[in-house]
1. With label points built 7 Å along Cα→Cβ from the Cα atoms of SER36 and ARG106, find their separation and express it in nm.
2. Looking at the chain, which Cys residues are left with no other cysteine's beta carbon under 4.7 Å from theirs?
3. Using only the alpha-carbon atoms, what does region 1-145 span along each of its principal axes? Please give whole angstrom values in decreasing order.
4. With no solvent and one point per C-alpha, what does the Debye sum give as log10 I(q)/I(0) for the chain at q = 0.13 Å⁻¹?
5. Which percent of the Cα-Cα distances in region 1-53 go past 14 Å?
6. What FRET efficiency, computed as 1/(1 + (r/R0)^6) with R0 = 35 Å and r the Cβ-Cβ distance, is obtained for ASP252 and SER116, rounded to the nearest 0.05?
7. Given +1 on the Cβ of Lys and Arg, -1 on the Cβ of Asp and Glu, and no further charges, what dipole in debye does the chain carry about its Cα centre, rounded to the nearest 20?
8. Can you check what the net charge comes to around ILE44, using other residues whose Cβ is under 14 Å from the Cβ of ILE44 (Lys, Arg +1; Asp, Glu -1)?
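No value in this document is a laboratory result; all are computed from the given coordinates. Please read all numbers here as calculations on a predicted model, not as lab measurements. Here the Cβ positions follow ideal geometry from the backbone for every residue, glycine too, while neighbour counts run over all protein chains shown.
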Amino acid sequence: MNVALALPIELVTAIIDYALAAQDSLTNKASWDSVSPLSLASKIYRTLVLEAWFRVLLTKDPADVSFIASKFREIRSSWTRELFCKPQLLDGSQDLEVWDLTGFRRLHTVRVDCKSCSLARQFPFRSVPLSITELELLDVYWPSPFVMQGVADIFPALRTLKLRLPRIWCGLCNTCSSVRFAEPVPPKLVYSEGLGLPIHYARAMSHMQHLRTVHITVSYSSGTQIQFNANNPTEDLWSGECDRCVELLYGDKDFHDRWTARKKGIDSAGGKGERLYIKPPALATVEWTFLKNEVDETSDEEQEDYDDEE
Ligand SMILES: [Zn+2]
């Protein structure tokens, strides 16, 4: 008697899940070698292994999806829950290849490696199912509010947004800037009640009805102008301001207090039309995580016009 075939399906599934647990932290995917021997044991085992293996679909090109889905139709209909992709520019063009997510009925998470693309011009997805509730953008070099507008327009059902950024948007100079902090730097800032995003981000995402949590991980270098209060690091409601703006503008206490009020959605300027923070209705938590840069980055900020008039 073949002992392997006598094992209950539930136990085999648990073994496969265990074998797939050794995952790459970036892609959330294990090596095929970790389950390959099991896939050879029987037809039933192979089906179980393939179903578990394609739970995370790792692709380099939209054509990969079409090709794999033509071999395994279950990828679109039931197997795949997470998609990791790395959009590239089309040959001879500034346009990105577009990922067609038609038919991915159980897909709930999309991770995008943005090293090779700018999402500011185009968000390269279509037919995005409403089952997608989590989006992670990795290494967005130019994280302007246009990117957040794309997120809001293309992924309206998101509950969780994760951003890993080498730079961040400063709402004072409308620029993407490297982050510089004076030590000591808290490992995290956690804001509640929907506060804590850059104002332009919050306004761009203000119509996202289901967004509950935003995690932003940024790299920082040593600076002198932005110093967190060790007893109350969230008191200034830091949310992306660059050290140059802090140096130039925070010495004016009236300006500082007015700006901090704007970041809470409070108009203290007597109706002068300054843009205020608009909280996405369900947003509860904004969490910033800070990682120290080993190499100090040179500054190469550019001014950007951003018109978020509704
Ligand atoms: Zn600035």
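1. 2.6 nm
2. Taking the Cβ cut-off of 4.7 Å, the unpaired cysteines of the chain are CYS85, CYS114, CYS117, CYS173, CYS176, CYS245.
3. 61, 29, 28
4. Results for the chain at q = 0.13 Å⁻¹ read -0.97.
5. For region 1-53, the share of Cα pairs beyond 14 Å comes to 49 percent.
6. Using R0 = 35 Å, I get an efficiency of 0.25.
7. Dipole about the Cα centre, nearest 20: 1360 debye.
8. Result for the neighbourhood of ILE44: 0.
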